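The values are calculated or read from the model by the stated rules, or taken from the named source; none is laboratory data. Please read these numbers as outputs of a predicted model, since none were measured by experiment. As a convention, Cβ positions derive from the backbone with ideal geometry for all residues, glycine included, and neighbour counts pool all protein chains shown.
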């Protein structure tokens, strides 16, 4: 047994895993994974570039969109090196401190995405239900406060999780189930009692996504009630259309999130590769699909992208 309080903790090494049972096909599987990372990085970088560059997009809705893209971009970068390292070069070893750092950022960024989606739901609620007070409620200062408060919240709930992982002791089994460091995966390798770690992990989950999801649902109940009070069908359709991109982003995040939770909780009889694929889907699908959805569904974003592309072609 290895105690993390002794000096051997500095050399403690874990082994990452690609997709269990499909190791021979990992070279081929790396192609779609690489493609997804390219789409996620380029798509979210493009959204950030467009919002920052175009003066007409310096509005509340697009500030929150840029927060979402920055979170998705960071989340993709967080797992890029280890995932492609395992698939391409069989680089499976990861030191304890690096593993804990990746775990912290991975979970903190996931919770950040949930918080940004809640902020975007609040933005849509104010825009539709309180349109006359929109500019006075969602000022630039308040947007910055919302962003900072979400960041502080996520760091605050994740720090105890990280500190208690550092207190664990590990036995001979050092093989992780994923190509990145996942909290549940890591604490299951502990020789010591990990109930406190499980409780802290559940508290972090329920105090963030467990709060955000019901609030998002409540905001849409109020939005739907307000939209149904609009007299004209054209006005109702226009109001709903302003929410379609955000509803898609919420579904893209929470459906894989809930599916992964159910698989981890009730899918013990499922093959190991199912858990691994679900975890990768959860981490990759939102960063890949969010910029596509907002580029297609949001007219202003689409127009600016087309304008920039035409300008580039003329320069060539």
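Quick one: is residue 47 crowded, with 17+ Cβ neighbours inside 10 Å and not in a helix (DSSP H, G or I)?
no
Could you go through segment 45-62 and let me know if any residue there is within 28 Å of residue 163 (Cα to Cα) and touching a residue at least 40 places away in the same chain (Cβ under 8 Å).
No, there is no match, as no residue in segment 45-62 is within 28 Å of residue 163 (Cα to Cα) and touching a residue at least 40 places away in the same chain (Cβ under 8 Å).
Restricting to segment 169-187, name every residue that is surrounded by fewer than 20 Cβ atoms within 10 Å (Cβ to Cβ) and over 20 Å from residue 110 (Cα atoms).
169, 171, 172, 173, 174, 175
Among the residues of segment 188-197, write down those that are at pLDDT below 90 and surrounded by 14 or more Cβ atoms within 10 Å (Cβ to Cβ).
Within segment 188-197, 188, 189, 190, 191, 192, 194 meet the criteria.
I'm checking my understanding of the structure. Among residues of segment 173-182 that are under 22 Å from the mean Cα position of the chain (by Cα) and modelled with pLDDT under 90, which one is nearest to residue 278 (Cα to Cα)?
178
So in segment 144-172, with the set limited to residues that are more than 20 Å from the chain's Cα centre (by Cα) and touching a residue at least 40 places away in the same chain (Cβ under 8 Å), which one is farthest from residue 57 (Cα to Cα)?
So, considering only residues that are more than 20 Å from the chain's Cα centre (by Cα) and touching a residue at least 40 places away in the same chain (Cβ under 8 Å), the one farthest from residue 57 (Cα to Cα) is 171.
For segment 155-168, indicate whether the set of residues that are more than 26 Å from residue 118 (Cβ to Cβ) and surrounded by 18 or more Cβ atoms within 10 Å (Cβ to Cβ) is non-empty.
yes
Take segment 208-239 and flag every residue that is part of a loop (DSSP other than H, G, I, E, B) and surrounded by fewer than 15 Cβ atoms within 10 Å (Cβ to Cβ).
229, 231, 232
Within segment 240-281, how many residues are modelled with pLDDT under 85, within 29 Å of residue 65 (Cβ to Cβ) and outside any helix (DSSP H, G or I)?
Within segment 240-281, residues that are modelled with pLDDT under 85, within 29 Å of residue 65 (Cβ to Cβ) and outside any helix (DSSP H, G or I) number 0.
Of the residues that sit in segment 24-39 and are within 22 Å of residue 270 (Cβ to Cβ), at pLDDT below 85 and surrounded by 15 or more Cβ atoms within 10 Å (Cβ to Cβ), which one is nearest to the chain's Cα centre (by Cα)?
Across segment 24-39, the extreme among qualifying residues is 29.
Here is a list: 151, 159, 168. Which entry is within 30 Å of residue 91 (Cα to Cα), touching a helix residue (DSSP H, G or I) at 6+ places or on another chain (Cβ under 9 Å) and modelled with pLDDT of 90 or more?
159
Name the single residue that is surrounded by the most Cβ atoms within 10 Å (Cβ to Cβ) among those in segment 284-301 being out of contact with any helix residue (DSSP H, G or I) (no Cβ under 6 Å at 6 or more places or on another chain) and farther than 18 Å from residue 70 by Cβ.
300
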